[in-house]
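Everything below concerns the one structure shown next.
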Amino acid sequence: MYHQLRIVRSITLLAAIFAAVWMPGLWASEAFNIYDQLYTKGTGSVFLNYQYIAVNEFHQGEKKVPAGEIRTQSLYLQLDYAIADRWRVKAGVPFIKKKASGSDVHNPLTLDPPRPDIQFIDDGKYRSQFQDFFFGVEYLWINRPVRVEPFLHVFIPSHDYQFFANSAVAPRLWKVEIGLELTHLLPFSDWYYTVGGGYTVSEQALNVNVNHFRFNAEVGYFLTPGFSVNVFGLYKKGKGDSAQKFPPPTRTTEAWFQHDRTTRHNSANAGIGMDWFFHENYQLSASAFTTIWGDSVHWVDIATNLGITRYF
């Protein structure tokens, strides 16, 4: 019975692949017409996303080391608005609830000299706060047959939050990213792909350069005009210190206190996702990803996202 089910599933899958490859597709074209409206003056959207991230290890050079238990939950709110045809501005901010336990390497009292003015927050308790404000400008340079969108993104810390902790929400550095995204709907098909990337200039701590490149790629397929599935990858490569610079005897210095802001945090993540227009003006999105390569970075075991967008 098991083998019969496998044969039936294989035939069904081959038929679906044959239909997807050889039958002309119109669904993706209809969906892309909806996205084109985002660059019409006066239109916009509101996006709300929930994210959960589980981390248990740190990738240090060529090996993973225990990092305790780090859990992050966040709500991200973003507003997009077309200020003119082909020009779009956006702004957002994440509200993060995070906890860490099982590691005391970020204990301010172990620094030399000790820092009793800084609270030890890797105690397993959830703490909530806003992270960094996000502002962006995007331009629809080319629309057909390939959509090309240059962008400028700015990230500014929302307040003077703590950065010396596994449960810190970010390294508290301002950043400016300039980049480009390209999307292509394959002719006579419901397949599409997106590739993009950018270069980020970051504020420096202790004069350490942590500027970096970021690349992303996505391949998707429209099952209906309002429902698509995709696979994607995210890659970050840049400058900064290696985690191997800080063996245990050195973890009392100012350099150690600032290490979360000077480490390079290089990584590659891969995942799957879906998007569903369940109403004319509403879209539901979901995705999950994991880390597949890392250098001096926390290893994401699993990250999940669930978001909703309201278009107007």
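Quick look at the numbers
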quantity	calculated
Yes/no for residue 150 being part of a loop (DSSP other than H, G, I, E, B) and not basic (Lys, Arg)	no
When residues of the range 264-310 are limited to those that are at pLDDT 95 or above and of a type in the set (Phe, Trp, Tyr), the one nearest to the chain's Cα centre (by Cα)	289
Which listed residue is outside any loop (DSSP other than H, G, I, E, B), over 23 Å from residue 277 (Cα atoms) and not aromatic (Phe, Trp, Tyr), from 172, 214	214
Extreme residue, surrounded by the fewest Cβ atoms within 10 Å (Cβ to Cβ), among residues of the range 54-68 that are under 11 Å from residue 301 (Cα atoms) and of a type outside the set (Val, Ile, Thr)	54
Residue 43 being farther than 30 Å from residue 301 by Cβ, at pLDDT 75 or above and among the hydroxyl-bearing types (Ser, Thr, Tyr)	yes
Only listed residue being of a type in the set (A, V, I, L, M, F, W, C) and in contact with a Phe, Trp or Tyr (Cβ under 9 Å, 6 or more places away or on another chain), chosen from 185, 206	185
Of all residues making up the range 238-258, the number that are buried (at least 17 other Cβ atoms within 10 Å of the Cβ) and at pLDDT below 95	3
Scope the range 198-237; condition surrounded by 17 or more Cβ atoms within 10 Å (Cβ to Cβ) and over 30 Å from residue 186 (Cα atoms); matching residues	200, 202, 205, 208, 210, 212
Identity of the residue in the range 259-272, surrounded by fewer than 18 Cβ atoms within 10 Å (Cβ to Cβ) and in contact with a Phe, Trp or Tyr (Cβ under 7 Å, 6 or more places away or on another chain), that ends up farthest from residue 226 (Cα to Cα)	268
Subset of the range 55-96 [of a type in the set (D, E, K, R) and assigned to a strand (DSSP E or B)]	57, 63, 64, 69, 71, 80, 88, 90
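Here is a yes/no grid of residues against (1) within 20 Å of residue 92 (Cα to Cα); (2) in a strand (DSSP E or B); (3) among the basic types (Lys, Arg):
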| residue | (1), (2), (3) |
| --- | --- |
| 260 | no, no, no |
| 276 | no, yes, no |
| 291 | no, yes, no |
| 294 | no, yes, no |
| 302 | no, yes, no |
| 306 | yes, yes, no |
| 309 | yes, yes, no |
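The values are calculated or read from the model by the stated rules, or taken from the named source; none is laboratory data. Just so it is clear, the structure is predicted and the values come from calculations on it, not from any experiment. Cβ coordinates were reconstructed from backbone atoms using ideal geometry, including for glycine residues, and neighbour counts include every protein chain displayed.
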